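Report on one structure; see the data block that follows.
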Amino acid sequence: MKMKSKLIGGLAVLLGVAVATPLIAQEEKKAEKAKAEKVSGDIGLLDTEKNYLIVVTKDGKLVTLDYTTKTKVTELKESPAKMADIGLGSSATVEYVQKGEKNYLSKIEFTPAKGE
């Protein structure tokens, strides 16, 4: 009898894990595909060695964004550009995704600062 109850208990745990695993995987996929957010403002800092920048919004909020080589960069004269082309004081609209504690830049459109 004890053997039978252990077997049933083990099967119940196994069934619970089998049901829960796909649900956990779905939640992780949802977290990975977070909706992109947008923010506009001026570029306050651009570090091309550490791959991050800071956007200063019109109301003075600072948004720190990390980027990769896959980040789409477009100068608003509709020509492809590189992160190094962005100067301090440029106006920008960015799209980013929050993953954990960090914001990751996925797209940036900018207008060079006057005088560049």
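A short reminder: the numbers here are calculations on the coordinates, not readings from a lab. Not measured: the values here are computed from a predicted model. Note that each Cβ is placed from the backbone with ideal geometry, even for glycine, and that neighbours are counted across all protein chains shown.
Along the Cα→Cβ direction, 7 angstrom out, place labels at LEU45 and LEU88. What is the inter-label distance in nm?
1.1 nm
Modelling each spin label as a point 7 Å along the Cα-to-Cβ direction, I'd like the ASP59/LYS107 distance in nm, to one decimal.
Computed distance between label sites ASP59 and LYS107 equals 2.4 nm.
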